[in-house]
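Report on the following structure.
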Amino acid sequence: MVDVAPGIYLHRLGIDFLLYARHAIFGPLFPPEQSSVVVVVIDEETYRTPPFSDTPKVAWTPMLARVLDKLNESGARVVGFDLIYPTTLDSRNLLPGFDKPLLKSFYKLGRAGPAGRAGRLVLGETRLSRQTIRPYRGQVIAVGGPKNIRPLNLLLDADDVVRGYPAAFPTEGGGRVASFAAELAVRSGIPAPTGDFLINYNTGARDIPTYSLADMFHCATSGNDEFYARAFGGKTVLVGSSLDLEDRHMTAKRFVNALDDGAPPRRCKLPYVPDRFGEIIQRHTLPGIFIHAAAFNSLARGDALVLLSPVASFGLMAGMVFILSMLLFLMAPVPGFFLTLGAIAFQGGASVFAFQSGVVLPLVLAALGGLVTFAAIYAFRMMLEDRAKRRIKKAFGQYLAPSIVERLSQENETIELGGETRRVTVMFTDIAGYTKLAERLKDQPELLVTILNRYFTVLTGVIEDHGGYVVSFIGDAVMASWGAPSVDPLAERHAVEAGLVCLEKLAAFNRDVMEGEYGLPPIGTRFGINSGDGLVGNTGSATRLNYTVTGDTTNLAARLEGANKIYGSNLMIGEETARRLGREFVLRRLDRLLVVGKSKPTKVYEVVGRAAEISDDRLARVRDFHDAMAQYYRRRFARARDDFAKLAIDDPIARVYSERCSYFEENPPPATWDHSFTAETK
């Protein structure tokens, strides 16, 4: 097992994901034909193909010898034998001389003419904690002794995944002996690795040319020397097993194995016949022989993976964390989370392109670093919540009522400085006849300002007493909102109640102030109220901000205030406001109004008053008005005109409809009329 620091392990862990990403984007690292090594395997097909199917594995040595002889004759550069036979039938008590063909093959592969051994065959052994499993003595002698035997052991990371490969293993005498793939590389004329290295696994179906031992045996017995020369000439050949339940290991290629299309081994003589019972294909593990082959290819191609140095990795991580932290401090959690994911994705893309060149960037560390940065930044910001509340309280205290500021400072109240969409109710008010009043007092501007200030004081007090927020004063108009900055589930009711109270207070204001103190004619006030989604937050310049509510809901509220002039009403509300009022208030349907700037008409209503305070006579007149409206909508304009005329004596709205009906009698609306009326309001 590889003993590395946690950071290095996480760095190596990224190889697994990068292999998958590289294959998905770029495909295999190289085509199988460019592999420097080929593999002959004992597979499930071998076990079910005669003569192997009729013979125990220990008795396969003559068939193995036949294949090895053909490999030798074909010009194979080096043969690695990843099969360990610790026992044999070739004994005095069993079958003396039974393994002679295999031993001769071993001997011939180690010869280079009269000069003696050339070391073209490397056998394998497995080193356990207390013992070593190696070929039986006859094979050791035939191959030329321990110098032609190398360990097959693999390096496992902390999660038991094979990502690296050893260059050598220590011996009992204090020396070192080359690993299996490293020894094969040296004997193939490839420089020996200077240390343990990371395997650069190829990907794709049969990414290393693979041949079944059963097919190769029948190919050899049929005398197909041309196939052997073409498939194995000048190649390093590994002979081993590739079975469903034997000598399999989890590797960095585990996520890519599932992309293997299960292509059969390459054929020479036998047609490929799948197992009729189906094979147990463990896609997430890899036979040991293919790990050795992948390690050999990494050495032969000189493209073993290299981890980015710790110093460079630290610099990359520090830069990413710093930039991400600065941005997260400026963003809300949800956009910040997506920014973090975007940063991780960008680093992942850069890692894949670097991986294509054999350099492993700290992918997993970067992902963890991004997520930890996100969590740390917003945890830190939450720790500053109390200070933020105090800052908000101080800032809003200069333009909000103390009661509102106190509510915002409570634990269960939330507000964010910046734009957000929220359901709000917006009120606009305007003084009827303000222009005439201003002209009358043009020589007394101080008095006009005094009257305005006292008028605004009355309205502001009522609005704030009912939970509203005075957004701004615009000339003689007031804009107020409910639901922002403080959430108000009863915003519609509070706004309408505030409008009724304002009308009551203004009656007293006219009596006591306008007429009583200044001897001026009374002033009237029109109210427009609408509800819906609005964009709330700070707007303005870098040096001066104003907390306001904008959007279509606000625009329509302003239009409704102006539309009062058409009907002679004082308190007009939109359809969304009316829908949530319940039965506390008596409403009168005014029109399907198409205001300037809108493409569809909206239902508008007049607030008659509180249901508990309306007289029976007044309720009867409201019903009569609605009955007349029904006739109007049915295009019975003559009857509707007469009904409205009966109410028009003291009802300006009925008078408007009586005149409109007279007009429609002479100029009928089109058949497609949707009962709407276009208001040319300000």
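The values are calculated or read from the model by the stated rules, or taken from the named source; none is laboratory data. As the structure is a prediction and not an experimental result, all values here were calculated from the model. Cβ atoms come from the backbone with ideal geometry, glycine included; neighbour counts cover every protein chain shown.
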Qualifying positions in segment 313-334 - touching a Leu at 6+ places or on another chain (Cβ under 9 Å) and part of a helix (DSSP H, G or I): S313, L316, M317, L324, L327, L328
Number of positions in segment 210-257 that are free of Cβ contacts under 8 Å to residues at least 40 places away in the same chain and assigned to a helix (DSSP H, G or I): 3
Quick one: which of N530, N546, N555, N538 is within 22 Å of G467 (Cβ to Cβ) and at pLDDT 90 or above? N530
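Name the single residue, out of those in segment 589-615 being in a loop (DSSP other than H, G, I, E, B) and of a type outside the set (A, V, I, L, M, F, W, C), that is farthest from T553 (Cα to Cα).
It comes out as S615.
Do you know which residues across segment 660-672 are part of a loop (DSSP other than H, G, I, E, B) and surrounded by fewer than 12 Cβ atoms within 10 Å (Cβ to Cβ)?
Start the filter on segment 660-672 by keeping residues that are part of a loop (DSSP other than H, G, I, E, B), which leaves 667-672.
Matches in segment 660-672: N667, P668, P670, A671, T672.
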Do you know which residues across segment 164-222 are within 20 Å of D82 (Cβ to Cβ) and at pLDDT below 90? R206, D207
Are there any pairs with C-beta distances below 6 angstrom linking a residue in segment 161-188 that is under 14 Å from T132 (Cβ atoms) to a residue that is among the basic types (K, R), with the two at least 6 apart or on different chains, and if so which? P170/R176; F180/R150
Just one of R134, R230 is over 22 Å from G288 (Cα atoms) and not aromatic (F, W, Y); which is it? R230
Conditions first: (1) modelled with pLDDT of 90 or more; (2) surrounded by 22 or more Cβ atoms within 10 Å (Cβ to Cβ). A59 passes all but one, so which condition is the exception? (2)
Contacts under 6 angstrom Cβ, first residue in segment 472-490 being in the same structural domain as R454 (by TED's automatic domain parsing) and within 23 Å of F585 (Cβ to Cβ), partner of a type in the set (D, E) and crowded, with 16+ Cβ neighbours inside 10 Å, 6 or more apart: W482/D488
Only one residue in L29, L83, L64 is assigned to a helix (DSSP H, G or I) and surrounded by 14 or more Cβ atoms within 10 Å (Cβ to Cβ), so which one is that? L64
